[in-house]
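Here the structure comes first, spelled out in C-alpha cells, and everything after it is commentary.
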Amino acid sequence: MTAFHPFDPAAPPEQPIANLEAEQALLGALMFDNDVFVEIDGIVAARDFWEPFHQRLFRVIADQIRGGRLAEPTILRDFFAIDPAFHEFGGLRYLADLVDRAPPSKAGPDYAKTVRSLALRRDVIRITQEIQTRAREEQTSSGADLMADLEREMLAIRTGKDDLGFVSWADASRAVVYGMDRPEERRLLPFGFTKLDEILGGAERGDLIVLGGRPGMGKSALAACIAMNVVRAGFGAAEINAEMTTAQMARRHISDLAFERMGTHAPQYRDIRKGDLSDTHRQIVAETQALFAHLPLMMVKRTGLTLGRIRAMLNRQKMLWEAMGVKMSLVVIDHVGLVAPDEGGRSRNEDQTIVSGRLKEMAEELDVVMLALAQLNRNVEARDDKRPQLSDLRDSGSWEQDADVVIGAYRDAYYARREREPKGDLAQAEHFARMSSKIIEAIALKVREGDVGTARLWASIGHNAIRDDEPLDLLDSIAQRPAFDFSQLPLPS
C-alpha cells in the first residue's frame with residue numbers, strides 16, 4: 001500500500017488519477033449521516049475508490065447500512081482490528097477525523113460522482129493500454145476480436161459491473177449441503193402457482209426474471225397476482241410502475257382478492273373505477289380492503305424511471321422493512337422499456353443492455369427476486385403461431401443473456417377475437433371456443449437451472465384474477481351477511 005497520511009498537505013511525487021480528499025469526504029459523510037447512502041448507492045461502488053483501505057471501508061459501511069445496522073467509527077473499528085492499513089492510517093482516530101471533517105450531507109452525491117468519474121478515467125486508461133499491448137503483440141487475435149473485446153470492456157465500465165469475490169469450492173459446496181435439510185433457510189420464493197412453480201422449481205433470490213408479452217396478453221395481471229401471492233405468504237414485495245397509478249394498481253388487487261372470496265359475485269376493477277357499484281358490491285370491496293390491509297405490499301408510480309432512482313427507492317424501503325422485521329423478497333418493474341440508465345445519450349439497444357445488467361446486479365445486491373416486465377417486438381404479429389419466443393425480446397439481446405428465467409405470456413382469446421370469423425359449423429365452433437377461452441399460457445422460454453415448459457393458467461381478466469385452475473363458483477349468501485360498518489375504515493394516509 002502506498003503510504004499516505006490523510007491530512008498531509010505535501011502531495012506525493014507522482015500524483016495518481018485520484019482524489020483522496022473526495023474519497024475521505026464521502027466516507028466521512030456516510031459515517032456522519034447513514035441516510036446519505038440512499039442518495040449515493042448506485043453512483044459509486046467500493047472498486048471506484050483508489051485507496052485500497054477506502055475500498056474496504058466503503059464495503060463495510062455499505063454492508064452495515066444495507067443490513068439496517070449503524071455504520072459509525074466505534075462500530076466499524078471492530079471490522080479492521082487485524083487490518084494493517086487501518087492502524088497505519090491512525091485507527092479509530094482516522095475514522096473520527098473523517099467524521100469531524102465531513103461535508104454537509106447534501107454534498108454526498110457530488111463527492112460520489114467525483115470518485116466515480118476518476119475511477120472511470122483510470123479504467124479507460126487501463127483497458128486502452130491492455131488493448132494496445134495486445135494489438136501490438138498478439139498475432140492470433142483479429143482486429144474484429146480486439147474491437148469486440150474493447151467494446152465489451154468499455155460497456156462493463158459504463159454499467160459499473162464489478163467482480164465479486166471468489167468463493168472456495170469447499171465453502172460453496174458446504175453451503176449447498178447445509179441448506180438441503182433446512183427449508184427455512186433456502187433462498188427459493190414460490191410464486192403461488194403450482195403449475196408454474198413446478199416448472200421453475202421456485203424463484204431464487206438474486207434472480208432476474210423477465211416476463212414478456214405483447215399488449216393484451218395479461219402479463220401485468222400475472223405479475224400482480226404473483227406479487228399478491230408472495231405477500232400473502234408473509235414476504236415483502238414492491239411494485240414499481242411507470243404507467244399505472246397506485247389507485248389503478250390497488251383497484252386490480254382489490255378486485256382479485258374480492259374474486260377469491262366471492263367468485264363472479266365480486267365487482268370487476270373497471271366497475272370499482274367507475275364507482276357504479278351496488279350496496280352489495282360496495283360491501284364486498286370494503287370488507288376485502290379491511291381484511292387484507294395488513295399485507296406488506298408497497299406500490300409506487302414513477303415516470304422517467306432511472307436505475308439510480310429505482311435503487312435509491314428500494315434501498316430505503318428495504319431498510320424500513322427490515323427495521324419492522326419484514327423481508328423484501330420480490331420487486332416487480334412494469335415495464336423495463338420505460339427504465340433508463342442514469343446517463344442517457346446512447347442508443348436504445350445499449351441503454352437496455354445497461355438496464356438488464358444493472359437490474360440483475362440489483363437483484364443480487366438486494367437479495368430479492370427481480371420480476372421485470374418487457375414488451376415483445378411486433379414480429380410476433382406476423383407469425384401464424386403468435387406464442388412468444390426468446391428472439392421476440394425487443395431492444396437488446398442482453399435480456400435473454402442476463403435473465404435467469406424468461407417467461408412469455410400468451411392469451412389465445414385475445415387474437416381469436418380479432419380474427420375474421422371462419423365459415424363452416426365446425427370451424428365456427430372452434431373459433432367461438434377460442435374466443436371464450438379463459439386460459440393464459442405462462443411459457444417458460446428459458447430456465448437457467450431447469451427445463452422449459454408451459455403452465456396453462458385460468459384467468460378472469462376483468463377481475464385481474466389468475467389461478468391454477470378454474471375455481472368453483474362461490475355461491476355465498478351475501479344478502480344474509482351482516483352489513484359492514486364503513487365508519488370503522490381508517491382514512492387513507
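Just so it is clear, none of the values below were taken in a lab; they were calculated from the coordinates. If you're wondering where the values come from, they're calculated on a predicted model, not measured in any experiment. Cβ coordinates were reconstructed from backbone atoms using ideal geometry, including for glycine residues, and neighbour counts include every protein chain displayed.
Things worth noting here:
- By average C-beta atoms within 10 angstrom, highest first, the peptides 353-360, 96-103, 409-416, 274-281: 353-360, 409-416, 96-103, 274-281
- √(5λ) per eigenvalue of the Cα gyration tensor, the stretch 332-374, largest first, Å: 19, 12, 7
- Ordering of 51-64, 291-304, 439-452, 26-39 by packing is 26-39, 51-64, 439-452, 291-304, highest average first (other Cβ atoms within 10 Å, averaged per residue).
- Prolate/oblate/rounded call for the stretch 219-273, Cα gyration tensor, a/c under 1.5 rounded: oblate
- Extension reserve of the E449-I75 stretch, reckoned as 0.36 nm per residue once the Cα distance is removed: 130.6 nm
- Sites E130 and H87 - FRET efficiency at Förster radius 35 Å, r taken between beta-carbons, to 0.05: 0.50
- Model label sites at I17 and D468, defined 7 Å from Cα along the beta-carbon direction, differ in position by 5.7 nm.
- Spacing of the modelled spin labels on Q401 and E137, each 7 Å from Cα toward Cβ, amounts to 2.7 nm.
- Anisotropy class of the stretch 28-79 from Cα gyration tensor, a/c 1.5 cut: oblate
- Working value for the stretch 291-350: equivalent-ellipsoid semi-axes of 28, 13, 8 Å, each the square root of 5 times a Cα gyration tensor eigenvalue, largest first.
- Computed E for N349/H294 - FRET, C-beta separation, R0 45 angstrom, nearest 0.05: 0.55
- Cα→Cβ-extended label distance, 7 Å offset, between A247 and T194, nm: 3.9
- For the peptides 248-257, 456-465, the ranking by mean Cβ contacts within 10 Å, running from highest to lowest, is 248-257, 456-465.
- Part-to-part distance (alpha-carbon centres) for the stretch 15-93 and the stretch 324-365, which is given in Å: 26
- All lysines inside 20 Å of K318 as judged from Cα atoms, apart from same-chain residues fewer than 8 positions distant: K301, K327, K360
- Length added when fully stretched, D342-R273, from 0.36 nm per residue minus Cα-Cα: 21.3 nm
- Gap separating the Cα centres of the stretch 275-309 and the stretch 375-439, nearest whole Å: 30
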